[in-house]
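Notes follow the structure.
The values are calculated or read from the model by the stated rules, or taken from the named source; none is laboratory data. None of these values were measured; they are calculated from a predicted model. Cβ placement follows ideal geometry from the backbone for every residue including glycine, while neighbour counts extend to all protein chains displayed. Please note that ligands, DNA and RNA were not included when accessible areas were found on the heavy atoms of the full protein model with its side chains. Shrake-Rupley method; radii C 1.70, N 1.55, O 1.52, S 1.80 Å.
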Amino acid sequence: MAGEAIRLLVIGSINMDLVMELEKVPEAGETVLGRSYSYIPGGKGANQAVAAARLGGRVTFCGRVGNDSNGKILSDNLRADNIDTSFLESDDEHQTGLAVIPVEADGENRIMVFPGANDAITRCDIDRAMEQTYDAIIMQLEIPLDMVYYAFDKAKAAGIPVILDTGPAKDISLAKLKGIHVISPNESEARALTGIKVDDWDSGLKAAKKLADASDATYVVIKMGKRGALLYEKGNDAHEIFPAYRVKALDSTAAGDSFTAAMAIKMLEYGDIRSAIAYANAVGALCVSRMGAQPSLPRAEEVEQFLSSRE
Ligand code: RIB
């Protein structure tokens, strides 16, 4: 597909992130003072849409915001990245999703999400968005699972590959995702899905095999944080390791989102998941070295510069 922009549909969540920088999160009953706070566009779905658009994808976003000021800011923000928001509905009955994210001095975060309008996405929203033609569909689990299964079934019937980022961890039925193209959890999601504690390459491989068996996925890609990524391909008993770049981490928010989006778009562009994962590692590294979700997502030129500086 070299030369043509990849047409991606992202079906998923969109949130306003309230981010507070502090030394350490409080214990129960304790109060601590933060250093700064800001409202930053986020949401796993919207982050993946923005990441893909900045890397050259032709991206359409399907989801819901509330009919409120955050909803307007977030919709405008997607349009500023040339994302088609024709299927981003404004919901009169629910507030825009909100995430509260304390970020500690070492870049560790915790994320609490109020889903609001994200939970109100309908089959009808998905049907309308899927009337257009796409090269692939990306989803996550921050919308109701029924909607994920519904969109997957439709995509499968239409022969469109689906890339599923399994964040946040939920009890999904892998049997309902039979034949998915790529399934990509992080370590804790892989544990939630398989019961295997994933903390090194061996346990990553065991979990990947279990996921592949249960979902019949063509590829399982486990995001292993600072270690990098592990690829398991159906029918191939060996796994491949893609070590992460070492960078100074400021904030890990959206690192996994940026990785999944970059892997998806480059997999279609290069026709090869391995080069796509290597590229996605660079995108994830740039993302963790900056604060916030969408402001930290790099453009293609920045990734090229980063990669040439590491040669
Ligand atoms: O993956 C990071 C995202 O998770 C944040 O932007 C937050 O909104 C939650 O969806």
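Share of carbon and sulfur in the accessible area of the chain stands at 49%, probe radius 1.4 Å. Bridgeable aspartates and glutamates around Lys72 (alpha carbons under 16 Å apart, same-chain partners fewer than 8 residues away excluded): Asp17, Asp81, Asp84, Glu89, Asp91, Asp92, Glu93. Determine, from the Cβ-Cβ distance of Glu108 and Leu145 and an R0 of 25 Å, the FRET efficiency 1/(1 + (r/R0)^6), rounded to the nearest 0.05. It comes to 0.35.
Size descriptor for the chain, Kirkwood hydrodynamic radius: 19.3 Å (Cα pairs only, one decimal). Evaluate the Debye formula for segment 143-243 with equal point scatterers sitting on the alpha carbons, no solvent, and hand back log10 of I(q)/I(0) at q = 0.20 Å⁻¹, in q order, two decimals. Calculated log10 I(q)/I(0) at the listed q: -0.94.
Per residue, the accessible area of the chain comes to 43 Å², computed with a 1.4 Å probe over protein heavy atoms only. Peptide packing for 276-288, 37-49, 84-96 was compared via the average number of neighbouring C-beta atoms within 10 Å per residue; ordered from the highest value, the list is 37-49, 276-288, 84-96. Cα to Cα, under 16 Å, and not fewer than 8 places away if on the same chain: which lysines meet these conditions relative to Lys223? Partners found: Lys44, Lys197, Lys206, Lys209, Lys210. Full extension of the segment from Met20 to Arg123, taken as 0.36 nm per residue of separation minus the current Cα-Cα distance, would add 33.5 nm. Mind jotting down the distance between the C-alpha centroids of segment 1-75 and segment 204-262, whole Å? What the calculation gives is 22 Å, centre to centre. Ordering 68-77, 223-232, 136-145 by mean Cβ neighbour count within 10 Å, with the highest value first, yields 136-145, 223-232, 68-77. Peptides 259-265, 160-166 ordered by packing proxy, namely the average of other Cβ atoms within 10 Å per residue, highest first: 259-265, 160-166. Using the rule -39500 (n - 2.57) for each DSSP H run of four or more residues, divided by the residues of the chain, the 222 nm mean residue ellipticity is -11000 deg cm²/dmol.
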